[in-house]
Amino acid sequence: MIRRCRQHGFFRGDRCECGDEGTLVLDEAKTEQLGRLIAGALRHFPDDLGLAMNSRGWVDLAILADVVKTRHRWANQNLLLALVQSDPKQRYEIVDGKIRARYGHSVDVELDHPRNELPLLYYGAAEEEAARILEVGLRSATQRYVHLSTGPEKAWHVGTFRTSNPKVIKIEAAAAQDAGVKMMRVNDSIVISDPVPAEYLSLIPSRDLASLKAQQR
Ligand SMILES: [Zn+2]
């Protein structure tokens, strides 16, 4: 659900950070519907919706709003702004009348976010998957970029969505970038990356993981 605080603008959930209940902008079901359509349009199938996307992933906001209206008559450009501005994961951005997804693309884009400055990054995976990654390197079969985590506990947490007992792979990000692997920071938690060769990858020992799990509890 998206609500709007008079002082702080659009927010998700029942209350703004300031404690104000604000006013309802979009209910839970419609927020979900709009979110799914925008993700599809900006990450996965712009062509199917007749949207012209440039190589950096941008499409025209007004045209997207028109396309969205043909699917959901209640939708409009203001609701797109509400969705983008209230998104806790900063999935999208709007600049000069254009909108794009900041990460999560399956379509082929060349994004231009700031270069990653963290020397180490992390990736959570199931045990068999981790073994394979350490052998052949890290790449995504479905996504344009690999999504890496900025901390080991975050990677472990992401891994728990796919498996009960994830392994965490450590990535020597600075060394890989020096060797030409492009890595970009998209928010506090996520760095997107071109494929990472196996030589920059190592497994975090399970005894170190145990303390990460303790921190999560
Ligand atoms: Zn507020």
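Measuring nothing but protein heavy atoms, the accessible surface of the chain at 1.4 Å probe radius is 46 percent carbon and sulfur. Over segment 73-134, the pair-distance histogram of Cα-Cα distances with 5 Å bins from zero comes to 3, 11, 16, 15, 19, 14, 8, 7, 5, 2 percent, rounded to whole numbers.
Using 0.36 nm per residue and subtracting the Cα-Cα separation, the extra length available between residue 77 and residue 135 on full extension is 16.2 nm. Sorting 178, 20 on solvent-accessible area from highest to lowest, probe radius 1.4 Å, gives 178, 20. At the residue level, residue 112 shows approximately 80 square angstrom of accessible surface with a 1.4 angstrom probe and all protein chains present. Label-to-label distance, residue 208 versus residue 127, with points set 7 angstrom from Cα along the beta-carbon direction: 2.0 nm. Taking the Cα centre of the chain as origin and assigning +1 to Lys and Arg Cβ atoms and -1 to Asp and Glu Cβ atoms, the resulting dipole is close to 460 debye.
Residue order by solvent-accessible surface for 162, 102, 6, 12 is 6, 162, 12, 102, largest first, with ligands and nucleic acids left out and a 1.4 Å probe. For 70, 150, 160, the ranking by accessible surface with the largest value first comes to 70, 160, 150, using a 1.4 Å probe. With R₀ set to 41 Å, the beta-carbon distance separating residue 118 from residue 36 gives a calculated FRET efficiency near 0.85.
At a probe radius of 1.4 angstrom, the accessible area of segment 120-216 per residue rounds to 49 square angstrom.
Shown here is the pair-distance distribution of segment 78-217: with all Cα-Cα distances grouped in 5 Å bins from zero up to the longest one, the shares run 2, 10, 19, 21, 19, 14, 8, 5, 2, 0, 0 percent.
The values are calculated or read from the model by the stated rules, or taken from the named source; none is laboratory data. Computed from a predicted structure; not experimentally measured. Note: ideal-geometry Cβ built from the backbone for every residue, glycine included; neighbour counts use all protein chains shown. With ligands, DNA and RNA removed, areas are computed over all heavy atoms of the protein, side chains included. Shrake-Rupley method; radii C 1.70, N 1.55, O 1.52, S 1.80 Å.
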